[in-house]
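Values in this text are rule-based calculations from the coordinates and carry no lab data. What you see is a predicted model, and the numbers here were worked out from it, not measured in a lab. So basically every Cβ, Gly included, is an ideal-geometry build from the backbone, and we count neighbours across all protein chains shown.
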Amino acid sequence: MTANARSVSAPKPRPKDVREAHFLRMPRFAARLYDWFLSMKPTETQTREVARDLAARIGQGRLLDIGTGPGRLLAELHRLNPRLELFGLDISPAMIAVAKRNLKGIPVDLRQGRAEQTDFAADFFDLVTCTGSLYLWDYPEQGLEEISRILKPGCSAYLFEVYKDVDREAFRTALRNNLRELDMFRRLVGPFALRKALGIAARTEEYVAMVKNTSFAENFMVDKVELGSIPMWLRITVTKCG
Ligand SMILES: C[S@@+](CC[C@H](N)C(=O)[O-])C[C@H]1O[C@@H](n2cnc3c(N)ncnc32)[C@H](O)[C@@H]1O
């Protein structure tokens with residue numbers, strides 16, 4: 001079946017505050033608050049680990065981070081390998097503004113736009129990534145189809161996503177250990193944000209069903225990974241046929 005023949009599924013019903021319209025209207029202070037939240041040690045460690053994982057996969061070429069938020073992953077990738085040509089995309093103008101501030105002085109092409117319909121040329125990227133964003137897209141399958149369009153043949157995208165069927169006991173223990181060194185406010189906000197993410201996230205088999213309904217159906221892999229020693233992440237690797 002070709003990509004065009006696939007039916008695009010209806011948007012997933014979800015709380016109003018995680019729909020595209022919400023991210024489009026996000027005020028600048030909320031984007032700044034999120035950026036501040038990312039500056040705590042456990043999330044900084046997660047960003048560094050994702051960057052190391054990706055940097056080991058690509059020596060040079062074009063890399064796109066979809067749903068880049070405040071752009072911290074791109075900054076870390078530049079630090080690890082300044083030869084990479086970096087691109088960032090996010091639906092939220094407020095997040096793009098914060099990313100521009102965080103990435104000042106670093107050559108990065110930052111664009112506001114939807115994962116589901118970008119203005120990049122076909123067969124353009126050597127690697128596409130996305131961290132904690134796919135689970136928020138209104139039309140995830142359409143977004144995956146767009147990734148397939150803009151990836152070069154033979155190249156892969158790596159999507160790091162939280163999943164609902166996480167081992168709750170292991171998650172709670174890891175969270176407790178991670179929160180110990182944080183200030184009181186972060187100790188309160190951190191677990192709330194993570195639990196909310198798990199509540200909205202798909203189950204592993206739902207992510208698998210999503211990918212199976214796209215051009216990547218025959219070329220994907222799903223691994224459970226620990227980031228910042230919190231076991232709540234799936235790494236979904238999808239590869240475009242060469
Ligand atoms: C939880 S944040 C993750 C940000 C960053 N990747 C990180 O790891 O910190 C999710 C980001 O996805 C963006 N987003 C949500 N839906 C999107 C879509 N359809 N297309 C592009 N970006 C989207 C949001 O604006 C937000 O910046």
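Key figures
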| quantity | calculated |
| --- | --- |
| Rg/Rg_ref, the range 120-222, where Rg_ref = 2.2 N^0.38 Å and atoms are Cα | 1.29 |
| The chain, helix-only ellipticity at 222 nm - DSSP H runs n ≥ 4, -39,500 (n - 2.57), divided by all residues, nearest 500 | -12500 deg cm²/dmol |
| VAL225 long-range amide H proximity, modeled H, under 5 Å | TRP233, LEU234, ARG235 |
| Inter-label distance, nm, simple model (7 Å from Cα along the C-beta direction), HIS22/ILE200 | 0.5 |
| With at most 12 neighbouring Cβ atoms within 10 Å, loop GluC sites (Glu not before Pro) (DSSP) excluded, longest segment of the chain | 1-180 |
| Farthest toward positive dipole pole in the chain [+1 Lys/Arg, -1 Asp/Glu at C-beta], among SER39, PHE185, ALA209 | PHE185 |
| Among VAL189, VAL98, VAL166: highest mean-square fluctuation, GNM of the chain, C-alpha pairs under 10 Å | VAL189 |
| Neighbour-limited loop hits for trypsin sites (Lys or Arg not before Pro), the range 177-227 (at most 14 other Cβ within 10 Å; DSSP other than H, G, I, E, B) | ARG180, ARG203 |
| Hydrodynamic radius of the range 76-160 per Kirkwood, over alpha carbon pairs, in Å | 13.6 |
| ³J(HN,Hα), Karplus 6.51/-1.76/1.60, whole Hz, each residue of the range 83-98, x for Gly, Pro | 7, 5, 8, 9, 9, x, 10, 8, 6, 8, x, 5, 5, 5, 4, 5 |
| Where only C-alpha atoms are counted, convex hull volume of the range 13-239 per residue in Å³ | 115 |
| Amide H contacts of SER215 (H built 1.01 Å from N, under 5 Å, at least 5 apart or other chain) | none |
| Nonlocal Lys pairs with alpha-carbon distance under 28 Å, the range 13-239 (8 or more apart, or different chains) | 19 |
